[in-house]
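Remarks on the structure that follows.
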Amino acid sequence: MTPDPYPPPELTLTVQAADARTLRLAIHGYLDYDTSSEFTPAVDEVLDAHAERHGPVLRHLHLDWTDLTAFDSSGLSALLALRRHTHPAGITLHLHHQPTYFSRLVEVTGVMGHLTQHAHGTGSPEAALP
């Protein structure tokens, strides 16, 4: 049997560093139409493991895009879904080493400020401010 000349795209996450309040993940491969449905559950698994180990004290999630191969509107949608999940929990997203194609899509859609807006947990005094 001949190998598939077009193997399915892959998406992997690697925990680079963690402490109780900060977690750094490296995203490798494709975050696009074919893999975007894998992104949220994969990040949720990492976040759940972190919460189990440290409790609900995570405040900063750093995403390193150095090894990202492809990114499209489905990937952006998955990233926005992650933000909808983390922001109410008081977790601020930080994006690092974005490739040009990533930055261009985020810039054209105007969502960078929304993605990286500082989060306040529901129990914090800042969350009570109007």
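Bear in mind these aren't lab numbers, they're just calculated from the coordinates by the rules spelled out. Because the structure is a prediction, the values reported are computed rather than measured. Glycine also receives a Cβ, built like all others from the backbone with ideal geometry; neighbour counts cover every protein chain displayed.
Do the conditions hold for Thr22, that is, is it among the hydroxyl-bearing types (Ser, Thr, Tyr) and surrounded by 18 or more Cβ atoms within 10 Å (Cβ to Cβ)? Answer is no for this residue.
Out of the residues in segment 87-99 meeting the condition of being in a helix (DSSP H, G or I) and either touching a residue at least 40 places away in the same chain (Cβ under 8 Å) or not aliphatic (A, V, I, L, M) (or both), tell me which one is surrounded by the most Cβ atoms within 10 Å (Cβ to Cβ).
The selected residue is His87.
For segment 18-33, the set of residues classified as farther than 13 Å from His54 by Cβ and without any contact (Cβ under 8 Å) to a residue 40 or more places away in the chain consists of Leu25 only. Against the conditions (1) of a type outside the set (A, V, I, L, M); (2) surrounded by fewer than 13 Cβ atoms within 10 Å (Cβ to Cβ); (3) in a strand (DSSP E or B), Arg84 satisfies every one except (3).
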